[in-house]
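**Q** Please read through the structure below; I'll follow up with questions.
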């Protein structure tokens, strides 16, 4: 069951982010990397900021991450999130993937317990018939 109600807008893959969202639909978390110099980047962009190559490869991410920063949301920006107030929006990092940061949600805990540096684990939230979103919960 989805964290948010069915009327919540879902991502629409376009251009550079298509590989990311297609992988999410298969419950695989991947990040864009440069096929020339190996630099990782997110969000996806067409040209490597390090070497200017346009050669792209997608690399699988680990399921373990940590909270880089976060905010607890107390005012709904969309009616579909109202039942979930308060909820946590976080930026998570992956120690094995330097430079990659992902905006997501921390779920399955009291928002007051979320901390910077907290270890979290990936889970997949089914938000439509064909789309899943990466969410995170505290690592036991």
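What follows draws every value from the coordinates through simple rules; no lab data is involved. Everything numeric in this text was worked out from a predicted model, so none of it was measured. No Cβ is skipped: glycine too gets one built from the backbone with ideal geometry, and neighbour counts run over all protein chains shown.
**Q** Enumerate the residues in region 61-77 having an amide nitrogen under 17 Å from the point lying 7 Å beyond the Cα of residue 123 toward its Cβ.
**A** Once the point is set 7 Å along Cα→Cβ of residue 123, 63-67 turn out to lie under 17 Å by backbone N, inside region 61-77.
**Q** So between residue 139 and residue 51, what do we pick up on full extension, going 0.36 nm a residue minus the alpha carbon distance?
**A** Taking residue 139 through residue 51 to full extension adds about 28.1 nm, to one decimal.
**Q** Can you give me the C-alpha center-to-center distance between region 74-94 and region 1-65, rounded to a whole angstrom?
**A** First find each Cα centre; the distance between them is then 21 Å.
**Q** Viscosity 1.002 mPa s, temperature 20 °C: Stokes-Einstein D of region 62-140 from its Kirkwood Cα radius, in µm² per second?
**A** Translational D for this selection: 165 µm²/s.
**Q** What nm distance separates the two modelled labels at residue 38 and residue 130, each placed 7 Å from Cα along Cα→Cβ?
**A** Here the modelled spin labels are 3.6 nm apart.
**Q** Which FRET efficiency value, to the nearest 0.05, is calculated for residue 68 and residue 22 with the Förster distance at 22 angstrom and r the Cβ-Cβ distance?
**A** Efficiency, rounded to the nearest 0.05: 0.30.
**Q** I want to verify the translational diffusion coefficient of region 3-140 in µm²/s; compute it with Stokes-Einstein, Rh as the Kirkwood radius over Cα pairs, at 37 °C and 0.692 mPa s.
**A** The calculation lands on 207 µm²/s.
**Q** Do the sum for the chain: with -39,500 (n - 2.57) for every DSSP H run of n ≥ 4, divided by all residues, what is the mean residue ellipticity at 222 nm, to the nearest 500 deg cm²/dmol?
**A** Theoretical 222 nm ellipticity from helices: -1500 deg cm²/dmol.
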